[in-house]
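Before any comments, here is the structure.
The values are calculated or read from the model by the stated rules, or taken from the named source; none is laboratory data. None of these values were measured; they are calculated from a predicted model. Because the Cβ atoms are built from the backbone with ideal geometry, glycine has one as well, and the counts that use them run over all protein chains shown.
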Amino acid sequence: MNALLQELLPAAPPASLPDAAPARPLLQVRGLSLEYASAGQVQRATHELSFDVLEGDRYVLLGASGCGKSSLLKAIGGFLPAAEGQILLDGRAVQGPGPDRVAVFQEFDQLPPWKTVLANVMFPLLASRRATQAEARERAWHWLAKVGLADFAQRYPHQLSGGMKARVAIARALAMGPRVLLMDEPFAALDALTRRRMQEELLQLWAQERFTLVFVTHSIEEALVLGNRVLLLSPHPGRVRAELDAERFDLHSQGSPEFQAQVQRIHQLLFSGVKR
């Protein structure tokens, strides 16, 4: 095995006791290939991807543009059918969208501008009939308080900053109580300081709630500080290059020699042999 790949892969866990049954992953991706039509031709976005996401993971999909990260997230959400392979959630095949998988995207202008912040968080609960009006209101207030926006509940999206809109989107998603929260480069459009603050707040929220997160990014640094496990995808089409353990890194690790060395190793693994 490539020496660099061996270094990136986590050490093998100690042998389990004979009677210890391994926990079944919450999300399983098995031999997944995704395709889309472009200019009259079928293009392959991902090729035979396989990986597991455990309950409570902060699982990051990392790769350059064009490696199929967003397509993969859409497939997990049930919006893109598989050309080959399958996705299992709680052991059941994903056949389409469902409230057990809720996505937060980069663009926060998807918040209906005529609805207040409170109404925006309540809306999917009411539209899906997962809660009564009173229950939706109570849950919305709870999550707005969690993301620090209770005082802005009666504001409208145009009255919010980009970071505040991001928090509304996260509150709206978590209010649905999903089994998996899907985030597609949600902080990419924010300025550097706001992006850092949103990363801090997401980690704090996860520490309190321990939800399962699948997070897409093309930033190596963001992947290492937000993820406890990171899947590296090669470009055109996306294939698994490696999976690594990032548990030892956090937002305070970024200036350390170990962190910077890991960034360089990942960059080499992702882009070695790739024509530019």
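Can you work out which of the residues in region 59-105 that are over 24 Å from Gln43 (Cα atoms) and assigned to a loop (DSSP other than H, G, I, E, B) is farthest from the chain's Cα centre (by Cα)? So the residue we want is Gly91.
Taking region 34-53 as the search range and keeping residues that are in contact (Cβ under 8 Å) with a residue 60 or more places away in the chain and of a type in the set (Ser, Thr, Tyr), which one is surrounded by the most Cβ atoms within 10 Å (Cβ to Cβ)? Of everything passing the filter in region 34-53, Thr46 is surrounded by the most Cβ atoms within 10 Å (Cβ to Cβ). With the structure loaded, tell me whether Met164 is outside any loop (DSSP other than H, G, I, E, B), free of Cβ contacts under 8 Å to residues at least 40 places away in the same chain, within 28 Å of Pro25 (Cβ to Cβ) and not acidic (Asp, Glu) or whether it fails that test. So Met164 does not fit the description; no. Taken together, the residues in region 117-139 that are part of a helix (DSSP H, G or I), among the basic types (Lys, Arg) and farther than 13 Å from Leu174 by Cα amount to 1. Checked against the criterion of being assigned to a helix (DSSP H, G or I) and more than 25 Å from the chain's Cα centre (by Cα), the candidates His142, His158 yield just one match: His158. Only residues that are over 23 Å from Gln28 (Cα atoms) and at pLDDT 90 or above were counted across region 213-250, and they come to 7.
Among the residues making up region 60-84, those that are under 18 Å from His267 (Cα atoms) and either polar (S, T, N, Q) or in contact with a Pro (Cβ under 9 Å, 6 or more places away or on another chain) (or both) are Gly63, Ala64, Ser65, Gly66, Cys67, Gly68. Out of all the residues in region 164-181, is one or more of a type in the set (Gly, Ala, Ser), surrounded by fewer than 22 Cβ atoms within 10 Å (Cβ to Cβ) and farther than 23 Å from Glu138 by Cα? No, region 164-181 contains no residue that is of a type in the set (Gly, Ala, Ser), surrounded by fewer than 22 Cβ atoms within 10 Å (Cβ to Cβ) and farther than 23 Å from Glu138 by Cα. For the subset of region 218-276 comprising residues that are acidic (Asp, Glu) and surrounded by fewer than 17 Cβ atoms within 10 Å (Cβ to Cβ), which member is farthest from Ser70 (Cα to Cα)? The residue in question is Glu258.
Scanning region 47-58 for residues that are under 12 Å from the mean Cα position of the chain (by Cα) and farther than 19 Å from Gly227 by Cα yields nothing.
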